[in-house]
There are 2 protein chains.
Amino acid sequence: MSYVPAIVIHGGAGTILKSLLTPEKEQAYLSALQEAVKAGYSELTEGHHALDAVIAAVVSLEDCPLFNAGRGSVFNHHGKQEMDASVMRGDTGMAGAVAAVKNIRNPVLAARAVMEKTPHILLTSSGAEEFARMAGLQFEPDEFFFDEYRYRQWQQLKDTQQTALDHSDKKFGTVGAVAIDINGNLAAATSTGGMTNKQFGRIGDTPLIGAGTYASNKTCAVSCTGDGEYFIRALAAYDVSCLMEYKNLSLEEACRTVIHDKLKPAGGEGGLIALDRNSTPVMVFNTPGMYRAYMKEGKTSAIIHEGV
Amino acid sequence: MSYVPAIVIHGGAGTILKSLLTPEKEQAYLSALQEAVKAGYSELTEGHHALDAVIAAVVSLEDCPLFNAGRGSVFNHHGKQEMDASVMRGDTGMAGAVAAVKNIRNPVLAARAVMEKTPHILLTSSGAEEFARMAGLQFEPDEFFFDEYRYRQWQQLKDTQQTALDHSDKKFGTVGAVAIDINGNLAAATSTGGMTNKQFGRIGDTPLIGAGTYASNKTCAVSCTGDGEYFIRALAAYDVSCLMEYKNLSLEEACRTVIHDKLKPAGGEGGLIALDRNSTPVMVFNTPGMYRAYMKEGKTSAIIHEGV
């Protein structure tokens, strides 16, 4: 049986207020999404594993300072950029994640290294950094991650107990990718800088398998973005898989059930991207928009607002 | 509608080799389990919430140096005792957890404070400790947590890259409790010191909602113990709930499916305790035994080996 390779990515649910989103800035976001989705898709057309595709796409988004992941992450309460990432492959069910790491250029590569080089799944803070150094991952000084816009966001909050999302008007800053390769293998990856001015080593849904990221060849690959705590309690990513496997819902039905019927009434804002082995991109959100793009059969589309 | 209050606790799956378990030591374990289950049950007979019952039971097990949680936790690679805990209530779906914390006398109380006093679910390492201090939780010096037996376990491993479980012969060191109160509310809590000689800030399933701990009044309350990474990938605790809600399995069927049909063939050893609103204790494991006890209608039973 042959499968149609496809990749879907997101750069966070929610949108910047249209009044703040100049045509130039909108174009910059769309270009960055296109670049990332193409980076992932080219892995698939070269016959590589879905894992390579989601990693390539997320690395591209992490390296772009427009998104709150890797370079350009938000600042925490102590003026540091602490990042989380996770990855899961649908064929073996293996997974890896890092949480609260600093100075690792691409946290998603650290997550992959945890999956491939340790018997563990989730490593945190200085211990995870120590492991990443031993695994030969690239580190960068604070200046590399610095972004003036993020810094000003933090300056407005740092003397308060408040936290803030990616943008003042409720843009969730997370990036993610799901892919299916020519052999029908699924994979998912997610990466984030979390919330501006976050305290106490808070960890959201991004590095948690089953909450922000999940993949199984039996069902689907899912990457989430939104109010992290709601996605954790809902086990949002795994719930999509369970609704397919145990209740025979289609991928689209399962995603809509989680985002619209479960999370929205509970107050949980956000969205997710997903793929099953039919290769039909699913992008569902209960926010005014979601930064997203997909590529399939050589065709690509990048979108921010609903219906655009 | 009235419900029958009940509580089930575990002190870890697997068993100490019978040759190492003297009658005196076995009696000490059984007494500690009895004491903990009674501490939880008395909350229920006083009309308190299931949450109070699981917290009381887990605090009792954390304070007992026989179990690898709180006092008597194992040592990590750096000779420190780092602990994880989580709690979830089935009525509101709220949850709290701490990971990789040191010197907090009762990590499960810190998990409860995270749930009740922050908008977050999971706080880690020094940030979580800072929060716990602000929340007024009791701290203890390293000596309080010290246990000669644990220290000798670590001494045997500290110059290696190896990790070990609670006991050399595969006892998983975790404690947990599930309860139903007179109003039909469910709750679950789990606490652990993790693996001896663990490195890199490794986090297992215990503090992860849906992996080691889950509760919903719609389905069940679950607390797990075993090979953490397998329980994370399987979303073991939430999977029990999904099999009940989406596939109409009974609690017992759902627990057996997860532990025997899914985890065991994949190589994941361990067990879980669970309750639904019928108040029938379920204690399932694929190891030679599981330290466990339950109390219902004033009757109690504490057991270590299978069928005993």
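What the table below lists for this structure:
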item	result
Listed pairs A:Lys117/B:Lys80; A:Lys38/A:Lys102; B:Lys25/B:Lys158; B:Lys117/B:Lys218; A:Lys80/A:Lys218; A:Lys80/A:Lys262 exceeding 32 Å between Cα atoms	A:Lys80/A:Lys218; A:Lys80/A:Lys262
Average Cα contact separation per residue, chain A, under 8 Å, 6 or more apart, as relative contact order %	26 percent
Amide hydrogen neighbours beyond the local backbone of A:Ser301, cut-off 5 Å, H modeled	A:Tyr294
For B:Lys264, label point 7 Å along C-beta direction: distances to other copies, nm	4.3
For chain A, cysteines whose Cβ has no other cysteine Cβ within reach (under 4.7 Å)	A:Cys64, A:Cys220, A:Cys224, A:Cys255
Cβ neighbours within 10 Å from other chains - mean over B:88-97	1
Charge dipole (debye, nearest 20) of the protein assembly as shown; +1 at Cβ of Lys and Arg, -1 at Cβ of Asp and Glu	180 debye
Cβ crowding within 10 Å averaged over residues, with B:24-32, B:92-100 ranked highest first	B:92-100, B:24-32
Percentage of interatomic Cα-Cα distances in segment B:232-308 larger than 14 Å	62 percent
Stokes-Einstein D (µm²/s) once Rh is taken as the Kirkwood radius of the protein assembly as shown over alpha-carbon pairs, at 37 °C in 0.692 mPa s	138 µm²/s
Heavy-atom accessible area per residue - segment A:6-303, 1.4 Å, Å²	33 Å²
Per residue, the convex hull volume that the Cα atoms of segment B:50-166 enclose (Å³)	104 Å³
Peptide ranges A:143-149, A:77-83, A:193-199 listed from the most packed, as the mean C-beta count within 10 angstrom indicates	A:193-199, A:77-83, A:143-149
Interface burial for B against A (accessible surface, 1.4 Å probe, total of both chains, Å², rounded to 100)	3300 Å²
Distance between segment B:78-157 and segment A:271-308 - C-alpha centres, whole angstrom	40 Å
Long-range Cα-Cα pairs in segment A:39-92 (distance over 13 Å), rounded percent	65 percent
Ratio Rg/Rh, restricted to segment A:1-94 and using Cα atoms, in which Rh is the Kirkwood radius	1.04
Solvent-accessible surface ranking, highest first, for B:Leu21, B:Leu137 at 1.4 angstrom	B:Leu137, B:Leu21
Within chain A, percent of DSSP bridges classed antiparallel, to nearest 5	95 percent
For chain B: Kirkwood Rh in Å [reciprocal of mean 1/r, alpha carbons]	18.5 Å
Solvent-accessible area lost in complex, 20 Å² minimum, residues of segment A:185-224 relative to chain alone, 1.4 Å	A:Phe200, A:Gly201, A:Arg202, A:Ile203, A:Leu208, A:Ile209
Length-normalised contact order of segment A:64-195 in % [C-alpha pairs under 8 Å, at least 6 apart]	35 percent
Of the DSSP H helices in chain A, those whose Cα atoms cover at least 18 Å axially and whose Kyte score averages 1.0 or more	A:50-63
For peptides B:218-227, B:282-291, sequence by mean Cβ density within 10 Å, most packed first	B:218-227, B:282-291
Inverse mean reciprocal Cα-Cα distance (Kirkwood Rh) of segment A:163-308, Å	15.2 Å
Semi-axis lengths, Å, segment A:119-242, gyration tensor of Cα atoms, sqrt of 5 times eigenvalues	28, 20, 14
Accessible-area value, A:Arg152, 1.4 Å probe, nucleic acids and ligands omitted, Å²	130 Å²
Hits among aspartates and glutamates - C-alpha to C-alpha of B:Lys247 under 14 Å, sequence gap 8 or more where chains match	A:Asp239, A:Glu245, B:Asp239
Karplus-derived HN-Hα couplings along segment B:73-87 (A = 6.51, B = -1.76, C = 1.60, θ = phi - 60°), whole Hz, x at Gly and Pro	5, 6, 9, 8, 4, 9, x, 10, 9, 9, 10, 10, 7, 8, 8
Peptide-level mean, for B:240-249, of C-beta atoms on other protein chains within 10 Å	4
Charged-residue dipole, Cβ positions (Lys, Arg, Asp, Glu), segment A:6-303 about Cα centre, Debye nearest 20	360 debye
Within the protein assembly as shown, helix-based [θ] at 222 nm, where runs of 4 or more DSSP H residues each add -39,500 (n - 2.57), nearest 500	-9000 deg cm²/dmol
Percent carbon-and-sulfur accessible area, the protein assembly as shown, ignoring ligands, DNA and RNA, probe 1.4 Å	49 percent
Inter-chain Cβ neighbour average for residues B:127-135, partner chain, 10 Å	3
Unit charges at the beta carbon, dipole of segment B:6-303: most positive-side option, B:Ala57, B:Gly298, B:Ala188	B:Ala188
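The values are calculated or read from the model by the stated rules, or taken from the named source; none is laboratory data. Just so it is clear, the model here is predicted, and its values are computed rather than measured. Backbone-built Cβ (ideal geometry, glycine too); neighbour counts: all protein chains shown. Quick note on the areas: whole protein, heavy atoms, side chains included, nothing else; ligands and nucleic acids left out. Shrake-Rupley method; radii C 1.70, N 1.55, O 1.52, S 1.80 Å.
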